[in-house]
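The values are calculated or read from the model by the stated rules, or taken from the named source; none is laboratory data. Here the structure is a predicted model, which is why all the values come from computation and not from measurement. We place every Cβ from the backbone using ideal geometry, glycine too, and count neighbours over all the protein chains shown. Accessible surface is based on the protein model in full, side chains and every heavy atom, while ligands, DNA and RNA are left aside. Shrake-Rupley method; radii C 1.70, N 1.55, O 1.52, S 1.80 Å.
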Amino acid sequence: MNLGKMISETKITRVIVENAVKDFLDSLELDVAIVGGGPSGLVAARYLADGKAKVAIFERKLSVGGGMWGGGMLFPRIVVEENAVQILEEFGIKYKKDGDQFIANSIESVAKLASMVIDSGARIFNGISVEDVMIRRDKITGVVVNWTAVEIAGLHVDPLAISSKFVIDATGHDAEICKVAQKKVGKLNTPSGQIEGERSMWAEKSERLVVENTKEVYPGLFVAGMAANAVFAAPRMGPIFGGMLLSGKRAAELILERLI
Ligand code: 48H
């Protein structure tokens, strides 16, 4: 019997840890750290990686996809406006026209977004929460991370740090990274200097504004997706996702211009 070919639990352990740690170590210095793997973060990651940026997503949960899985009230469909259909096509997501709406399956949408992100070379680290930012000379220079399991258990375990030229807050309704940044730096680049808070549902206005609100809110910190509307007092939009996709693409374009 060739013992070397037998399945060995310790060999399994070694290859898993060595390979995963290699990826983590190779991501200590990034061009862009994206916080949150919802639709806006996923789209931003793919276009940044396509533009040759070194990029990673840090996602608190086990799964990426954020609020997209559940479609509208758990009916697994999302609506997208015509101006975002091209992004569906670029990710290979099937859609159909129903009246003047474009509609896609929410589960297929998440699966294909994630698959294309991985193929683009962007890394996804799941089960990791960003709890703080690094700041040097009035610029955000990275993120401070810890295992989500540590966060949930409420253990006092010190975090680790990832440096990045840019950070994207794609954390959704809570705009968590903008909140932590504002606490540390005092004022963000918003009309009041504060996080203005999300307004009630108004899909048409919200879909337009989320793209306009995708911008740098402090040197080195961009905001995208629902977080952008939460920061700039714009309404929510319900299960229409074109704005999320367009916002992610816009964040990538704005940052790529700066990385040149
Ligand atoms: C690591 C974190 C942290 C953290 C949060 O909510 P999301 O899907 O975000 P968007 O902006 O890409 O998409 C918003 C959309 O899903 C939505 O909610 C819409 C359209 N709502 C309209 C309406 O009217 O309600 O994803 C954010 C992701 C999630 O996966 C979080 O787990 C993750 O970010 N996250 N990851 N560190 N500190 N905070």
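Points to keep in mind about this one:
- Semi-axis lengths, Å, segment 7-70, gyration tensor of Cα atoms, sqrt of 5 times eigenvalues: 26, 17, 9
- Debye, to nearest 20: dipole size of segment 167-227, +1 on Lys, Arg Cβ, -1 on Asp, Glu Cβ: 240
- Remark on segment 30-259: ratio of C-alpha radius of gyration to 2.2 N^0.38 Å is 0.95.
- Per-residue SASA entry for L74, accessible area with 1.4 Å probe, Å² rounded to 10: 150
- Estimated dipole of segment 30-259 in Debye, rounded to 20 [Cβ of Lys and Arg +1, of Asp and Glu -1, Cα centre]: 340
- For the chain, the residue among T10, T171, V145 whose Cα projects farthest onto the positive side of the dipole built from Cβ charges is T10.
- DSSP bridge analysis restricted to segment 30-259 gives an antiparallel fraction near 55%, rounded to the nearest 5.
- Choice from L30, L62, L209 with maximal GNM fluctuation in the chain (Cα, 10 Å cutoff): L62
- Axial C-alpha extent at least 20 Å, average Kyte-Doolittle at least -1.0 - helices from the chain (DSSP): 9-25, 106-120, 242-259
- Which of Y47, I135, P76, positive extreme of dipole for the chain (C-beta unit charges): I135
- For the options G37, G67, G142, a Gaussian network treatment of the chain with springs between C-alpha atoms closer than 10 Å singles out G67 as fluctuating the most.
- Residue among L245, A203, V117 farthest towards the positive dipole end of the chain, charges placed on Cβ: V117
- Note on the chain: helix-only mean residue ellipticity at 222 nm, from DSSP H runs of 4+ residues weighted -39500 (n - 2.57) and normalised by residue number, equals -11500 deg cm²/dmol.
- Put a plus charge on the Cβ of each Lys and Arg, a minus charge on the Cβ of each Asp and Glu, and nothing anywhere else: the dipole of segment 10-153 about its Cα centre is then about 340 debye.
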